[in-house]
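The values are calculated or read from the model by the stated rules, or taken from the named source; none is laboratory data. Please read all numbers here as calculations on a predicted model, not as lab measurements. Every residue, glycine among them, receives a Cβ derived from its backbone with ideal geometry; neighbour counts consider all protein chains shown. With ligands, DNA and RNA removed, areas are computed over all heavy atoms of the protein, side chains included. Shrake-Rupley method; radii C 1.70, N 1.55, O 1.52, S 1.80 Å.
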Amino acid sequence: MSAPFIELHNVHKHYKQNRRSIFDDQPSVVKAMNGVSFSLYEGESFGLVGESGSGKSTTGQVILQLLKQTSGSIYYQGTDVTTFTKQQLKSWRKKVQIVFQDPYASLNPKKTIEWILHEPLEIHHIGDKASREEKILETIHDVGLDTSFLDRFPHELSGGQRQRVAIASALVLDPEFIVIDEGVSALDVSVQAQILNLLTKLQKKYNLTYLFISHDLNVVQYFCDRIAIMYLGEIVELGSTEDIGTNPKHPYAEALFSAIPHLDVDEERIPLAGELPDPSNPPTGCPFHTRCAKAMDSCKSVKPVVHTMRAGYQVTCHLYTQEPEHQTS
Ligand code: SF4
């Protein structure tokens, strides 16, 4: 395998909350990222999956340095971006972009599509008037819209068309890496498929690397080469989409995948008990033990470590590192 395009080394992102914990007088801390490490490779689509509150969106924003990590390192093509000066960050941000779930919120409603696509070029002082116009025309065409859209306002477009414009405004800077944060979640299924196919086409043309953040496993399985499953700020399983999709190992991943309906297979659904625990007061030991159907006594007190099942496939669960114990009731 080639050298990683992006590498996260033991990244933490903690938020202090003003309110005090009900259990002690200390300010409570939400560990949105709690020792996250993984690598992305050039040209791949890497899926980050988990429930709302698992830390996946925070991870995307910390990689882009839109949020500052509490500790840890993030290497972009071998350079630690967490040490960048403001000027270095501004220059680097041309290469890295983000597309959000709700393009209606991310596109300026008072500006035309042409203005929206022109703005990033102006901010980064790219090209002259003629070359900017040429780039805007090329980009609007690449996202499957014609030039008549340039004079319109976001509210005049459908949800799918708005997301195409949001993608165009990321593409206009010729980025290398795009975080797609729930980028198709708000769209109808048929429009989702169109946008995913568009992203695949653009990935080839622009040699893009994607971090694809979603709670929708169907979409992630369709689109991504590899997947990492997050739970309470930690990666619990990471591997190829094929490996995890066909035989997930971590009980949380098993439960998530068992909830996907299959027309041809009558699979038993593994229930996921309860809600995601309060991230400012996570369970001791394995953070998943309060919901895990396979929890053992040791899971309540001993935190599992990352276990490499084989090259490129890791699971964080005692089931794969310890002798079986009695199951807790
Ligand atoms: Fe379940 Fe224990 Fe594995 Fe955690 S470590 S996922 S509680 S079996």
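Quick notes
- Residue match in the stretch 234-251 (condition: within 16 Å of the ligand (Cβ to nearest atom), under 13 Å from the mean Cα position of the chain (by Cα) and β-branched (Val, Ile, Thr)): yes
- Entry remark, the stretch 299-329: residues being of a type in the set (Ser, Thr, Tyr), surrounded by fewer than 17 Cβ atoms within 10 Å (Cβ to Cβ) and at pLDDT 90 or above number 4 in total.
- Checking the stated criteria, Ile235 turns out not to satisfy the condition of being within 23 Å of Ile195 (Cβ to Cβ) and among the β-branched types (Val, Ile, Thr).
- Within the stretch 225-247, the set of residues being open to solvent by 10 Å² or more (accessible area, probe 1.4 Å), at pLDDT 95 or above and assigned to a loop (DSSP other than H, G, I, E, B) comprises Asp225, Leu232.
- Single condition Leu256 does not satisfy, out of (1) more than 9 Å from the ligand (Cβ to nearest atom); (2) modelled with pLDDT of 90 or more; (3) surrounded by fewer than 19 Cβ atoms within 10 Å (Cβ to Cβ): (3)
- Members of the stretch 264-295 found to be charged (D, E, K, R) and within 11 Å of the ligand (Cβ to nearest atom), listed by number: Arg291, Lys294
- Checked against the criterion of being under 26 Å from Met33 (Cβ atoms), not acidic (Asp, Glu) and not in a helix (DSSP H, G or I), the candidates Gln97, Gln88 yield just one match: Gln97.
- Each residue in the stretch 296-317 was checked for being near the ligand (Cβ under 9 Å from one of its atoms), assigned to a loop (DSSP other than H, G, I, E, B) and not aliphatic (A, V, I, L, M), and 4 of them qualify.
- Residues that are touching a Ser or Thr at 6+ places or on another chain (Cβ under 8 Å), part of a helix (DSSP H, G or I) and at pLDDT 95 or above do occur in the stretch 63-82.
- Val96 being touching a Phe, Trp or Tyr at 6+ places or on another chain (Cβ under 9 Å), open to solvent by less than 70 Å² (accessible area, probe 1.4 Å) and among the hydrophobic types (A, V, I, L, M, F, W, C): yes
- Of the helices (runs of 4 or more DSSP H) lying entirely inside the stretch 104-211, the ones with 1 or more residues being among the acidic types (Asp, Glu) are found at 113-123, 129-142.
- Taken as a whole, the stretch 204-214 holds no residue that is open to solvent by 20 Å² or more (accessible area, probe 1.4 Å) and within 19 Å of Val49 (Cβ to Cβ).
- If the condition is being closer than 15 Å to Asp174 by Cβ, of a type in the set (A, V, I, L, M), within 28 Å of the chain's Cα centre (by Cα) and open to solvent by less than 80 Å² (accessible area, probe 1.4 Å), then the stretch 114-138 contributes Leu117, Leu121, Ile136.
- Condition met for Ser185 (small (Gly, Ala, Ser), surrounded by fewer than 22 Cβ atoms within 10 Å (Cβ to Cβ), within 16 Å of the ligand (Cβ to nearest atom) and over 20 Å from Thr308 (Cα atoms)): no
- Within the stretch 41-64, at least one residue is of a type in the set (S, T, N, Q), surrounded by fewer than 17 Cβ atoms within 10 Å (Cβ to Cβ) and touching a residue at least 24 places away in the same chain (Cβ under 8 Å).
- Index of the failed condition, Val220 passing every other in (1) part of a loop (DSSP other than H, G, I, E, B); (2) within 28 Å of His14 (Cα to Cα): (1)
Let's see how each residue does on (1) aliphatic (A, V, I, L, M); (2) over 21 Å from Asp225 (Cα atoms); (3) in contact with a strand residue (DSSP E or B) (Cβ under 8 Å, 6 or more places away or on another chain); (4) surrounded by fewer than 18 Cβ atoms within 10 Å (Cβ to Cβ):
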| residue | (1), (2), (3), (4) |
| --- | --- |
| Ser28 | no, yes, yes, no |
| Phe38 | no, no, yes, no |
| Asp102 | no, yes, no, yes |
| Ala105 | yes, yes, no, yes |
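- Long-range neighbours under 6 Å by Cβ, at least six apart or interchain, first residue in contact (Cβ under 8 Å) with a residue 60 or more places away in the chain within the stretch 296-314, second open to solvent by 50 Å² or more (accessible area, probe 1.4 Å) and β-branched (Val, Ile, Thr): Gln314/Val306; Gln314/Thr308
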